[in-house]
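Note sheet for the following structure.
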Amino acid sequence: MAIYINRDLCSGCGLCVEICPFNGVKLDEEDVAILLDACTECGACVDECPVEAISIEVIKEGVIDISKYSGIWTFAEQRDGKLTRVAKQLVGKARQLADILGVRVESVLLGHNIAELAQELIQCGADNVYLVDNPMLENYQTDLYTKAICDLTMEKKPEIFIFGATHMGRDLAPRLAQRIQTGLTADCTELTIDETERHLLQTRPAFGGNIMATITCKNHRPQMATVRPGVFREPEKDLSRKGNVINIKPDISKSYILSRLVKFLKLEKKLVKLEEAEVIVSGGRGLKGPENFPLIQELADLLGGEIGASRAAVDAGWISKDHQVGQTGKTVSPKLYIACGISGAIQHRAGMQASETIVAINKDPDAPIFKIADFGIVGDLFKVIPELISVLKAKKEKEMVV
Amino acid sequence: MGPPQADEALREAIAIGADRAILLTDRAFAGADTMATAYSLGSAIKKIGKYDLVLCGRQAIDGDTAQVGPQLAEFLSIPQITYVLEVNIEDNKIIAIQELEDKRVKWEANLPALLTITAEANKPRYPSAYGIMSAYKEKEVEIWEMKDLDVDEKRIGMDGSPTSVKRIFSPEPKGKGEIIKDEPKKAAEILFNRLRAKNIL
């Protein structure tokens, strides 16, 4: 994209100078607008100019040549110097899609002192990693990440670009898609290729999972999507796999920052990372009170999992909000989800029905949770869970002896 | 932006404190994806003129995309802070606490800015009797159609949407699960064996 100012049309009114969020334009000695280095080509002045003296080169349907776009990109989300699980899941899925299309898988990795993560992405299946290492990128910041990735995308032209549907991915991808002027599909649970058209078929749940929709982006590139964490398998690492790490020097500076990170808050208690958990044991109204959460905690500990909760339990103040699973809480898809004393309202099911195996323990045989459970135990959870704990403990001890 | 019946939601907004309500409604807006929606809303905001803050919900209850907020912020070239749990204004700056999956982050931005707000950030007040009366008797919901906005027809509605729905279908029903009705000790053992057989334990 580029901004052009037509000197003959400019009336010198200065509205562009006022509207510019970056101090990227000024009036020169002849009272004609000129761009400064601080211009980010955001386009705010284009709409503001009353005499249409300012224009922006925008990619429009039909104008972009989609055959120039090739390769599948993944955003390699890292937090505190570690790749998220979804970052690896994306590479695994991208590999499958790329093999169908016969193209490369490339990952985009931003941060500071994170070079070793590039090798991990290659071991997961990436052919190339664009490593953008800069102290200003150490922590995620919307504007700098958008600028650095937008520049790279416009230059290298991938046909598909996928992100984890994490808070970071869902903050970044829409801002980026809007700047590139391409389509973005949110929170996909399946990605396939239409082999005749070479389009990406992006399937996602809508209306709380009551219907599924398959979305395409036919005339714009890249085809962008965020992908729900946990729905694709994390690939097995191939330690002998080789790939290229391409160092990218980003064109960023402080002047691009619109929202400033003040600090990370110290929390009394660490927030639980339910999205990354492989096993979740969730409690609902049937637990009867906060004093009974240690019971499901013991079960979760034995299974190496985390504790979830229904909205009813959170609203009652039995457990903190970061444990809430459901439409207004977290969306999870662990290998094993055990719902204890949760009836399974549609809003709760929307947040966990993609789990690989669902176990429900509830005394009401008509509870809707049983409709989506792989295994349901109709019974009193205060009797069933202690039995389950003792079975697990007994088998564990037996295996230790063996 | 929505169909004419969205009038009711705007009346409710007036009843709990909004001073002015505008409904963008026109068949030309129909079928918009998030990019075309952000463009239409953004064009309306530009028409309103000077503004300090744009507040969006975290995500809609039907589409669940969470995309319109950031896309709108980008269109307006203003700062965005998403997943906001707490917000304050100090010295004409926004100070907001953002909730991420595993941490909370404090951000600061100049006005105007756009925030997307989580459900926990605030409990909506109840409408007062005066508010309800005012919403239906005194105040009007202004209706803006495409012709009222300075928009490029090719960028709104279905034509302005890079994405389109190819197919809608009901999720495949999961195979019927197994219901275990045995007494607790036996039930726990059966479950353990089933999970072990599936290589989960």
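What follows is calculated from the coordinates using simple rules that are stated; it is not laboratory data. The structure presented is a predicted model; accordingly, all values stated were derived computationally and were not measured. Note that we place each Cβ from the backbone using ideal geometry, even for glycine, and neighbour counts take in every protein chain shown.
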Is there a simple number for the mean count of other chain Cβ atoms within 10 Å of the Cβ of residues in A:377-387, and what is it?
-> 5
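Can you list the chymotrypsin sites (Phe, Trp or Tyr not before Pro) in the range B:1-68 that are in a DSSP coil and have 16 or fewer other beta carbons within 10 angstrom?
B:51
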Most mobile of A:198, A:104, A:233 per a Gaussian network model of chain A (Cα springs, under 10 Å)?
-> A:198
From the phi of every residue in the range A:159-164, what ³J(HN,Hα) in whole Hz does the Karplus formula 6.51 cos²θ - 1.76 cosθ + 1.60 yield, where θ is phi - 60° and glycine or proline is x?
-> 8, 9, 9, 10, 10, x
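Over 32 Å between Cα atoms, which of A:330/A:363; A:218/A:270; A:273/A:393; A:26/A:263; A:321/A:398; A:270/A:396 qualify?
On the way: A:330/A:363 25 Å; A:218/A:270 43 Å; A:273/A:393 25 Å; A:26/A:263 34 Å; A:321/A:398 38 Å; A:270/A:396 29 Å.
Violating the 32 Å limit, Cα to Cα: A:218/A:270; A:26/A:263; A:321/A:398.
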DSSP beta bridge pairing in the range B:4-155, given as percent antiparallel to the nearest 5 | 50
Principal-axis tilt of helix A:142-156 within chain A, Cα atoms, nearest 10 degrees | 70
Go through the range B:67-149 and name the trypsin sites (Lys or Arg not before Pro) that are in a DSSP coil and have 15 or fewer other Cβ atoms within 10 Å of their Cβ.
-> B:125
Contact order relative to length of chain A, as percent, for alpha carbon pairs under 8 angstrom and 6 or more apart | 12
Highest first, please rank the peptides A:292-305, B:56-69 by the mean number of other Cβ atoms sitting within 10 Å of their residues.
-> B:56-69, A:292-305
Can you list the HN-Hα couplings for the range B:81-91, worked out from phi with the Karplus curve (6.51, -1.76, 1.60; θ = phi - 60°), rounded to whole Hz and with x for Gly and Pro?
-> 10, 9, 6, 7, 9, 9, 9, 9, 10, 10, 6
Just counting partner chain Cβ atoms within 10 Å, what average do the residues of peptide B:95-101 show around their Cβ?
-> 5
Among all the aspartates and glutamates, which ones have a C-alpha under 14 Å from residue B:93's C-alpha, if same-chain residues fewer than 8 places away are not counted?
-> B:52, B:108
Which distance in Å, rounded to a whole number, links the C-alpha centroids of the range A:120-137 and the range A:65-89?
-> 9
Would you mind telling me which residue in A:158, A:250, A:222 has the biggest mean-square fluctuation in a Gaussian network model of chain A, where springs connect alpha carbons within a distance under 10 angstrom?
-> A:250
Select from B:171, B:124, B:79 the residue whose mean-square fluctuation is largest in a Gaussian network model of chain B (Cα-Cα springs shorter than 10 Å).
-> B:171
Within a Cβ distance under 14 Å of residue A:104, other residues only, what is the Lys/Arg minus Asp/Glu net charge?
-> +1
Would you kindly enumerate the cysteines in the protein assembly as shown that have no other Cys beta-carbon under 4.7 Å from their beta-carbon?
-> A:10, A:13, A:20, A:39, A:42, A:49, A:124, A:150, A:188, A:217, A:340, B:56
Amide proton proximity set for residue A:188, modelled H, under 5 Å, gap of 5+ = A:226, A:227, A:228
Per residue of B:75-84, what is the mean number of Cβ atoms on other protein chains within 10 angstrom of that residue's Cβ?
-> 6
Which of the lysines could be linked to residue B:174 by a straight reach, that is with a Cα gap under 17 Å, when you skip same-chain ones fewer than 8 residues away?
-> A:335, A:371, B:198
